[in-house]
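Here's the structure, in structure tokens; my notes come after.
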Amino acid sequence: MAEFLEVTIDKFTFRVDQSCLYSSEGIWARMEDGRVKLGLSEYIKQRSGDIAFIDVKPAGTVLAVDDEFASIETVKANVMLASPVSGKIARVNPALEMKPELINQDPFGEAWICEVEADNVDADRQHMLDAEAYFTHMKHEAEDEVRQK
């Protein structure tokens, strides 16, 4: 079972899965069986609003770091999701096609977005944050948003 760092800011509770690395934009990456699973952090999910639709690039799509691998549509916004790794999309989560709202319910579990056969995980890791660094980054952003209201 995953261990989480957790904080409540204003009326929202945000969890950060300690088994993942993160882009500063809130995309999580988890190394599994030689591939990298990508998903959306709780903070970005809550900040963007409930997800109504997701469009994921198909398997076989070649990605460079920061290339769009998916986009989400929420009540508040349309958000492009940038890949924190380079490689080729090996598999897209079939559950999200019929139930994109899974991301609202289980962003670190059933609602992974895609798996990437990464070209150079070691180089890509250098651009990502570990869970504690992302937790600090996310907490500061959330606190700033509350202060600006």
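Could you order Met98, Met31, Met128, Met80 by accessible surface area, starting with the largest, using a probe radius of 1.4 Å?
Met98, Met80, Met31, Met128
Label points 7 Å out from Cα along the Cβ direction at Val75 and Asp50: separation in nm?
In this crude spin-label approximation the distance works out to 0.6 nm.
Multiplying the sequence separation of Asp67 and Ser19 by 0.36 nm and subtracting their Cα-Cα distance, what value in nm do you get?
Stretched out fully, the Asp67 to Ser19 stretch lengthens by 14.9 nm.
What does the accessible area of Asp67 come to, in Å² to the nearest 10, when a probe of 1.4 Å is used?
Counting only protein heavy atoms, the figure is 60 Å².
Using 10 Å bins from zero, what percent of all Cα-Cα pairs in the stretch 77-130 falls into each bin?
21, 45, 31, 3
In whole Å, what are the Cα extents of the stretch 1-121 along the three principal axes, biggest one first?
Principal axes ranked by extent give 40, 29, 23 Å for the Cα atoms.
Measuring from centroid to centroid over Cα atoms, what is the spacing of the stretch 3-45 and the stretch 76-128 in Å?
11
By how many nm would the segment from Thr8 to Asp119 grow when fully extended, if each residue of separation counts as 0.36 nm and the alpha-carbon distance is taken off?
Gain in length upon complete extension: 36.3 nm.
Need the list of lysines near Lys149 for cross-linking: C-alpha distance under 21 angstrom, and skip anything on the same chain fewer than eight residues off.
Output for Lys149: Lys11, Lys45, Lys76, Lys139.
What full-extension length gain, to one decimal in nm, is calculated for Arg91 and Lys139 as 0.36 nm per residue of separation minus the Cα-Cα distance?
Net length gain for the segment: 14.1 nm.
Ignoring ligands, DNA and RNA, what accessible area per residue does the stretch 30-149 give at 1.4 Å, in Å²? It would help to have the intermediate numbers written out before the result.
On the way: 6380 Å² over 120 residues.
Result: 53 Å² per residue.
Roughly how big is the chain's charge dipole about its Cα centre, with Cβ charges of +1 (Lys, Arg) and -1 (Asp, Glu), in debye to the nearest 20?
Its charge dipole is roughly 260 debye.
Is the shape of the stretch 14-59 rounded, prolate or oblate, going by the alpha carbon gyration tensor and its root eigenvalues a ≥ b ≥ c, with a/c under 1.5 for rounded and a/b larger than b/c for prolate?
Oblate, because a/c is 1.5 or more while a/b does not exceed b/c.
Nearest 10 degrees, 0 to 90: what angle lies between the long axis of helix 131-148 and the longest principal axis of the chain (Cα atoms)?
Approximately 40 degrees, to the nearest 10.
In whole percent, and with a 1.4 Å probe on the protein chains, what portion of the accessible area of the chain is carbon and sulfur?
Answer for the chain: carbon and sulfur cover 46 percent of the accessible area.
The values are calculated or read from the model by the stated rules, or taken from the named source; none is laboratory data. Given the structure is predicted, the values throughout are model-derived calculations rather than measurements. Every residue, glycine as well, gets a Cβ built from its backbone with ideal geometry; the counts of neighbours run over all protein chains shown. For the accessible areas, the whole protein counts, side chains as well, though only heavy atoms, and no ligand, DNA or RNA atoms are used. Shrake-Rupley method; radii C 1.70, N 1.55, O 1.52, S 1.80 Å.
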